[in-house]
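The values are calculated or read from the model by the stated rules, or taken from the named source; none is laboratory data. The structure displayed is predicted, hence computed values, not measured ones. Neighbour counts run over all protein chains shown; Cβ positions are idealised from the backbone, glycine included.
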Amino acid sequence: MKKTISIFLGVEALIAITYLFSPKIFANVEVAFLSALFVILGSAYAYKRMVDTKVVSKEFEDKRDLLDEIEDPHELYEEDSINDASAEELDLKQIVKEEKAKIKTFSLKSIKHGARGSVSAFRLIPYLFLVLGFIALKNNNLLELSYYLPSLLIGIVVGSILSKEMTS
């Protein structure tokens, strides 16, 4: 946590130096940096919370290895293949039911699962800050895209570093 705070304060000190050049530059850099930083940190924290709740509730899926999925996407070379059994031993109706159960459909549960991660306050509030900060700069005739856009990149990079520090 100390490393996270020191990284944040170090970057903020560098941004404060821009005030010596122009308050307009400082406003652009600060708003863009904080907007991007909050978006990255909020998204990382919301995702971490969602994963933690899935692990605690044991609601996660046991998936195959990524390399197996790439090499054999339709599980044609699985060890428990039905092709080894004779035609009389196969219950085709049961096999069709099992295969239909494997197909994921668009359901209310899948909507709820997707919405839970995307409608989190930890994700919405930073985006609201981003939009309102941009509008405030524009309405006060302070917006300079030549300073604003690169500062978004700085916020993304620092946010990525800090999110790795906080979640590990």
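Restricted to region 118-155, and to residues there that are among the aromatic types (Phe, Trp, Tyr) and at pLDDT 90 or above, the residue that is surrounded by the most Cβ atoms within 10 Å (Cβ to Cβ) is Tyr148. Checked against the criterion of being among the small types (Gly, Ala, Ser), surrounded by fewer than 17 Cβ atoms within 10 Å (Cβ to Cβ) and either out of contact with any strand residue (DSSP E or B) (no Cβ under 6 Å at 6 or more places or on another chain) or within 27 Å of Asn139 (Cβ to Cβ) (or both), region 17-31 has at least one qualifying residue.
If you scan region 133-143, which residues turn out to be over 11 Å from Ala32 (Cα atoms) and not β-branched (Val, Ile, Thr)? Correct list: Ala136, Lys138, Asn139, Asn140, Asn141, Leu142.
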